[in-house]
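Chemist: Next up is a structure, given as structure tokens.
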Amino acid sequence: MSDNTLISIKNVHTHYGRIPMLIDVSLDVHKGHVCCVLGANGAGKSTLVKTILGMVNADGGSIAFEGQDITDWSTHKRIAAGIQVASASIGTFPKMTVETNLRLGAYTVHEPKVLAERLEEIYESFPILKSRLQQKAGTLSGGERTMLSIARAVINKPHLLIMDEPSLGLAPIIVDEVFRVVKRLNQHDNISIMLVEQNANKALSVSQFGYIIQKGQILFAGEAEAILKSEFMQNPIM
Amino acid sequence: MGLERVVNLLPGAVMMGCTYTLVAIGYCLFFGVLDVVVFCCGDIAMFGAFGIVGAYTILYSAGLIQALPLVVMVLLLLLIAAILCAALGLVSYYVSIKPFEKSSTLMPLLSTIALGTVIKEVLGLVFQPVVNGMAQAAINVPDPKSVVGGRNPQGMPHLIAPTGTTMERNLIIIAIMVVILMALFIFLNKTKMGLSMQAISQNRELAFMTGIDVKRIILTTFLIGGVLLSVGGFVLGNYQSIIRFDGGTMYGIKGFSAAVVGGLKSTWGAVIGGMLLGFVEVFAAGLLNGGTQWQNIIAFLVIIVFIIFKPEGIIGEKTVEKV
């Protein structure tokens, strides 16, 4: 593992009941990079995210984060170590206001003063949320909800931000906005991102490196450019 | 029915409402963090009431009750009950819920009913030979066994305003309840711990992803729920004067009904559901001829009407989140 590796997943297997979900998956995300994981529905993308978080147990293999073996760590310990997930499909705390979602979401921020500063930063970078602060999160539109899920993760200043299908179910114009945010978070805020997506073209346009996952297995790994030129992009199933 | 009569019944109704509210909140909190109905809530509360009777009896024979000022003694007894119930809450989690974490929700439903029965019967066994003389003296019942209905009833000592009228006692208890409920709502809405409980209730997966130590919060919920239930048992015991080891069953069912009528995941709903039940019961008993025999019938008919027309509960929400 090179010094530049942020998270390194080696030969991980998982299953739900008897059904294997991930088969011998190995994957690295480098510091400062956006690394995308592309795959169709049911390819194992969400399982991969949950395995990284420890919400699904890995049967074999290992996960190392910032040089530490976290394979047996509990979910909250992994998150305290600096991994955050922004997942629009997991949603929000619907009966809480947007502000409470953010305050509680900043679970790893303990200092009230720091929290206040971070909130200000979030309001600046996600102005749409600022106008919705006292609204119940359950009443937000799809795009707003996606932004809230991203903001909730980012407020913790994660070392690794995993974005689970941020473009899912959004109108094209909002998808563009989401990918602008991804780019800004990576380039301006210097956050390393693992971008899990179905929208391969968009995802590759902001990534340096990519993996293609199919039926629980890594099918291809390479530079974003290389994937863009590869035969996989001709395949309509992707 | 005169206005005066209604005014006279009011404190009793609020009181009853408070006792149901406490156990309903217990159901709510447990359901919130586990998505499972913990059916032994009523029995845990009754365990608290018996804890008070038992502790009172022991302290009385040690001569401590007579030596301590009333307020200190009451607080001491409440503390003992709270510790007992919190411990029992933890035990019920480990015995009747944790082993069934990954099974269908029917399993913990059955196992908590089973545990409730165990708690109840053990209380009956332990207190069978006692029929406490001290508490008996306090409530002026010559022979507690003569009290109508049920096996070996225990006399609950009058701890709140022992020399005052029922009305005074009710008002004091209502005031205490308001303070407790306010503290609970501040805890749930202003502290990280309380918000985490709500977070687990609203979106368990996101709670995990947020970094909430869900396991620890569940344990804390059982501790807090146990404490609330002990207060419920205390208040109920004070209201009824005579407690029976199997009284927790009906109390639990009514608390559960109050929680469902209110909307199982909402603590405000539990308050409203509890008050509704308390009012229906007390007013049915007080205003109808021979109403005491009718109060449960009317209360449960009202519950059926409510769940027909408002199945999601008074404060329940039909849709959880826009998709």
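Bear in mind that the values in this text are calculations on the coordinates, not laboratory data. These figures come from a predicted structure and were not determined experimentally. Cβ sites come from the backbone with ideal geometry, for glycine too, and all protein chains shown count toward neighbours.
Chemist: For A:88-97, what's the mean count of beta carbons from other chains sitting within 10 Å of each residue's beta carbon?
Modeler: Values: counts 0, 2, 8, 8, 4, 11, 8, 10, 6, 0.
The per-residue average across the peptide is 6.
Chemist: Follow-up. What size of dipole, in debye to the nearest 20, comes out for the protein assembly as shown about its Cα centre when the only charges are +1 on Lys and Arg C-beta atoms and -1 on Asp and Glu C-beta atoms? Working shown, then result.
Modeler: On the way: 41 positive and 37 negative charges, 135 e Å.
Taking the Cα centre of the protein assembly as shown as origin, the dipole is about 660 debye.
Chemist: Around residue A:13, with a cut-off of 9 angstrom between Cβ atoms, what is the net charge of the other residues, counting Lys and Arg +1 and Asp and Glu -1?
Modeler: Charge balance in the 9 Å sphere: -2.
Chemist: Same structure, new question: What value, in deg cm²/dmol to 500, does the helix sum -39500 (n - 2.57) over DSSP H runs of n ≥ 4 give at 222 nm once divided by the residues of chain A?
Modeler: On the way: 9 runs with 83 residues, N = 238.
It lands at -10000 deg cm²/dmol.
Chemist: With +1 on each Lys and Arg Cβ and -1 on each Asp and Glu Cβ, and nothing else charged, work out how big the dipole of chain A is about its Cα centre, in Debye to the nearest 20. Working shown, then result.
Modeler: Numbers: 23 positive and 23 negative charges, 132 e Å.
With Lys and Arg at +1 and Asp and Glu at -1, about 640 debye.
Chemist: Using only atoms on other chains, find how many Cβ atoms lie within 10 Å of each Cβ of peptide B:200-206 and report the average. Walk me through the numbers on the way to the answer.
Modeler: Values: counts 1, 2, 9, 10, 1, 8, 12.
Across B:200-206, the average partner-chain Cβ count within 10 Å equals 6.
Chemist: Tell me, how many Å apart are the Cα centres for segment A:67-81 and for segment B:1-33?
Modeler: 46 Å
Chemist: Here's another thing I want to ask about it. What FRET efficiency would be calculated for the residue pair residue A:228, residue A:62, taking the C-beta separation as r and a Förster radius of 35 Å, to the nearest 0.05? Write down the numbers at each step before the final one.
Modeler: On the way: r = 31 Å, r/R0 = 0.88.
That pair, residue A:228 with residue A:62, gives E of 0.70.
Chemist: At what distance in nm do the modelled label points of residue A:24 and residue B:240 sit from each other, each positioned 7 Å from its Cα along Cα→Cβ?
Modeler: About 6.6 nm, to one decimal.
Chemist: Another question, then. On a 0 to 90 degree scale, rounded to 10, what angle separates helix B:267-287 from the longest Cα axis of chain B?
Modeler: Long axis of B:267-287 versus the principal axis of chain B: about 40 degrees.
Chemist: Can I ask one more? Distance from a point 7 Å along Cα→Cβ of residue A:4 to each backbone N in segment A:185-216: keep the residues under 14 Å and list them by number.
Modeler: Counting only backbone N, you get A:208-210.
Chemist: A follow-up question, please. Before rounding to the nearest 500, sum -39500 (n - 2.57) across all DSSP H runs of length at least 4 in chain B and divide by the residue total; then give [θ] at 222 nm in deg cm²/dmol.
Modeler: Values: 13 runs with 235 residues, N = 323.
When only DSSP H runs of four or more count, the value is -24500 deg cm²/dmol.
Chemist: Exposed loop trypsin sites (Lys or Arg not before Pro) only (DSSP loop, at most 11 other Cβ atoms within 10 Å): please give the longest stretch of chain B free of them, not including the sites.
Modeler: On the way: sites that count: B:102, B:151, B:318.
Free of exposed loop sites, the longest segment is B:152-317.
Chemist: For residue B:304 and residue A:173, what is the calculated FRET efficiency with R₀ set at 56 Å and r taken between the beta-carbons, to the nearest 0.05? Display every interim value, and only then the final one.
Modeler: Values: r = 51 Å, r/R0 = 0.91.
Using R0 = 56 Å, I get an efficiency of 0.65.
Chemist: Would you mind checking B:98/B:120; A:136/B:102; A:95/B:98; B:120/B:310 for any pair whose Cα atoms are more than 29 angstrom apart?
Modeler: The pairs that break the limit, which is 29 Å between Cα atoms, are A:136/B:102; B:120/B:310.
Chemist: State which entries of A:130/B:192; A:77/A:215; A:31/A:113 exceed 24 angstrom in Cα-Cα distance in the structure shown. Provide the component values of the computation, followed by the final result.
Modeler: Details: A:130/B:192 22 Å; A:77/A:215 29 Å; A:31/A:113 28 Å.
In this structure, A:77/A:215; A:31/A:113 lie more than 24 Å apart at Cα.
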